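Comments concern the structure below.
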Amino acid sequence: MTSEPVPSAAPALVARTALLPRPDDLVALLPDDVAATDLVTWLRDGDGLVGWGRATSVTTSGPDRFAQADRWWHEVCAQSVVRDAVQLPGTGPVAFGSFSFADESAYGATLVVPSVVVGRRGGTSWVTTIRTGATLPQQPTVEPHPAPAAPAKPTLRTGALDREQWKSAVAKAVSRIQGGDVDKVVLARDVIAECDGPVDLRWLLTRLAGGYANTWTFAVDGLVGASPEMLVRREKGLVTSRVLAGTIRRTRDDEHDLALAAKLARSSKDLEEHEYAVRSVADALAPHCRSINVPESPFVLHLPNVMHLATDVAGVLTDESSSLRLAESLHPSAAVCGTPTPAAARVIGELEEMDRGRYAGPVGWMDASGDGEWAIALRCGALDRENPSAVRIFAGCGIVSGSDPAAELAESEAKLLPMRHALGDD
């Protein structure tokens, strides 16, 4: 374990996990009287974790934000009392986190330990209650709450760059690539969605989990989305990562989409982009793992709005790195930054004209053993803390030498659709 300073006092927690009758819908358990920043979610195909309240939390920033948060969590777990009758990944005390994309971002990072966590994995469900103090907490009543109200159709307005300005930025990136400054760069854009009244986070989660069930639907500290890209999973010594790079928009015509999938699988531009991303992940995992398996060719992942080239990389852990420290070693991958990473990051800083915040940073959870799952925060939005009716949503595209600005803008529009649909902008 590293010796970085702990950013704040690590409290002693008392956690109790007990079996629970299988709930029909985990999102429906989220209460309607808790602040959005105190609701957490991690779901895929109906299983996962939801939580509410805040037993404790920590905020870190700067280049050491991962190490400081990991150190704090280690100290919390080392002095906590745990009674776990279930003994599965995600039982006992759990911390949910979201981390800024850039070291210098004003948004920093947060680990949140909820007061209550309800989990479901296969046929097993449980509830964990976490508190500070000296006595074991009692099992809370867990029941569905009234369905959330739909927001009014949002008004969309320009973020840092309008559409033409962003296409110009793409053209400049292509020029930099063709000039040899960088091999690939990922450019993102933001859009502000504003409704007539406060946005209910539970509504967004309901829409995302229902419409994009095979992604990881998350909510942590006001960041909400449905990411298709697992940055890293650590479970009982096995490390896995799903790499996505290379995208084509779906048409809702199944026969045409199959033809597009075949075209994507043969596209030299997309295969080049994908190769950079896979190589960056395998190289980052190599110091921590042995027996790394990298398939020879990607498969096409079909999502409701787009199709991606995808590769699942796996290895066996050889050190004691927690899932969070593994996420740190992988961030930022070529899939969200570019290649070479330092040069791509400089181009991003010059051309995007915005702070990405926690978009494209790691988001996920970790238990007391260090096992956990961290996705890349994609297809997501950040609730506006000052204006509860507004959400800042994001999309990004990998730019290589053959990229066309108009095509990249169209791809970014496709990637905005999950959050637009969740907000009712159909």
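The values are calculated or read from the model by the stated rules, or taken from the named source; none is laboratory data. Since the model is a prediction, treat every value here as computed from it, not as a measurement. Every residue, glycine among them, receives a Cβ derived from its backbone with ideal geometry; neighbour counts consider all protein chains shown. What goes into the accessible areas is simple: the full protein's heavy atoms, side chains included, and nothing from ligands, DNA or RNA. Shrake-Rupley method; radii C 1.70, N 1.55, O 1.52, S 1.80 Å.
If r is the Cβ-Cβ distance from Asp24 to Gln178 and R0 is 45 Å, what FRET efficiency results, to the nearest 0.05? The pair Asp24/Gln178 has a calculated efficiency of 0.25.
Suppose the Debye formula is applied to equal point scatterers at every Cα of the chain; what is log10 I(q)/I(0) at q = 0.14, 0.15 Å⁻¹? Each listed q maps to, in turn, -1.32, -1.51. Looking at the stretch 166-233, the accessible area is 29 square angstrom per residue; that uses a 1.4 Å probe and ignores ligands, DNA and RNA. Cα centroid separation, the stretch 229-270 to the stretch 365-392: 22 Å. Note on the stretch 94-250: Cα-Cα pairs beyond 19 Å make up 75% of the total pair count.
Please report the antiparallel percentage of DSSP beta bridges with both residues in the chain, rounded to the nearest 5. Of all bridge pairs located within the chain, approximately 95 percent are antiparallel.
For the cross-link pairs Lys172/Lys263; Lys263/Lys415; Lys172/Lys269; Lys153/Lys263; Lys184/Lys415, which exceed 25 Å when the distance is taken from alpha carbon to alpha carbon?
Result: Lys172/Lys263; Lys153/Lys263 exceed 25 Å.
The long axis of helix 163-178 is offset from the longest Cα principal axis of the chain by roughly 70 degrees. Run the quick spin-label model on Gln87 and Ser168: label points 7 Å from Cα toward the beta carbon, then report their separation in nm to one decimal. Result: 6.3 nm between the two label points.
Across the stretch 272-354, the mean sequence separation of Cα contacts (distance under 8 Å, 6 or more residues apart), normalised by length, yields a relative contact order of 33 percent.
Where does helix 254-266 land angle-wise versus the long Cα axis of the chain, in degrees 0 to 90, nearest 10? The answer is roughly 80 degrees. What's the angle, to the nearest 10 degrees (0 to 90), between helix 65-78's Cα axis and the longest principal axis of the chain? That works out to roughly 20 degrees. Using a 1.4 Å probe on the protein heavy atoms, what percent of the accessible area of the chain belongs to carbon and sulfur? On the chain, the fraction of accessible area on carbon and sulfur atoms equals 49 percent. For the stretch 284-401, the per residue solvent-accessible surface stands at 34 Å², with DNA, RNA and ligands left out and a 1.4 Å probe. Between Glu386 and Ser267, the contour length at 0.36 nm per residue exceeds the Cα-Cα span by 38.4 nm.
With no solvent and one equal point scatterer per Cα, compute the Debye intensity ratio I(q)/I(0) for the stretch 287-426 at 0.19, 0.21 Å⁻¹ and report its log10, rounded to two decimals. The Debye formula, applied to the Cα set alone, gives -1.44, -1.55.
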